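Presented below is the structure to which this report refers.
The values are calculated or read from the model by the stated rules, or taken from the named source; none is laboratory data. Only a predicted model underlies this, so the values are computations on that prediction, with no experimental measurement involved. Note that we place each Cβ from the backbone using ideal geometry, even for glycine, and neighbour counts take in every protein chain shown.
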Amino acid sequence: MSELIITQEKLLRMQELCDANLLNHVFDVVRVIHTQESNYWNVTTFLHNENAISLIDKVQVVSLFIYVGGRVDLDSNFRTFIEWHRLWNYMLEHRYISDNDYDFLNNHWMENDRVERKE
């Protein structure tokens, strides 16, 4: 199971900016650990494991975590992201996401200052 290490402040911010149903689905498959200072998530397991959450929605939530100030590792500790657009570029280059997914992220991510499920 993937572990999201997050402060209460960042968690509340994510809850303000993300569709509650989407975030609840994520929290069903991710162990949330509250800390005083750390905001870190190794997302490899979360992104690679199959469950009811689409990959593009997983990417949106991971991007939101980065947006609120978290640090993300993917595939190894050599791939650390602190900017969501670099994560998107990496995922496109390595064919985790399609060109259409990438276009969606660039054109619709955080539309109306809120992350919604991709329909």
Enumeration of residues in the stretch 95-114 that are under 19 Å from C18 (Cα atoms), in a loop (DSSP other than H, G, I, E, B) and charged (D, E, K, R): R114
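Let me confirm something: among D57, D75, which residue is among the charged types (D, E, K, R) and within 19 Å of R117 (Cα to Cα)? Before the answer, list the steps.
Details: D75 fails: within 19 Å of R117 (Cα to Cα).
None of the other options fit; the residue is D57.
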The stretch 28-86, subset touching a Leu at 6+ places or on another chain (Cβ under 6 Å) and either surrounded by fewer than 16 Cβ atoms within 10 Å (Cβ to Cβ) or among the polar types (S, T, N, Q) (or both), residue modelled with the lowest pLDDT: T44
Residue list for the stretch 67-94, restricted to those being among the hydrophobic types (A, V, I, L, M, F, W, C), assigned to a strand (DSSP E or B) and over 14 Å from the mean Cα position of the chain (by Cα): F78
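Would you point out the residue of the stretch 103-114, among those that are under 14 Å from the mean Cα position of the chain (by Cα) and under 23 Å from E93 (Cβ atoms), that is surrounded by the fewest Cβ atoms within 10 Å (Cβ to Cβ)? I'd like the intermediate steps shown before the answer.
Applying the first criterion (under 14 Å from the mean Cα position of the chain (by Cα)) to the stretch 103-114 yields 105, 109-110, 114.
With under 23 Å from E93 (Cβ atoms) added as a condition, the list becomes 105, 109-110.
Details: L105: 22, W109: 19, M110: 16.
Top of the filtered list is M110.
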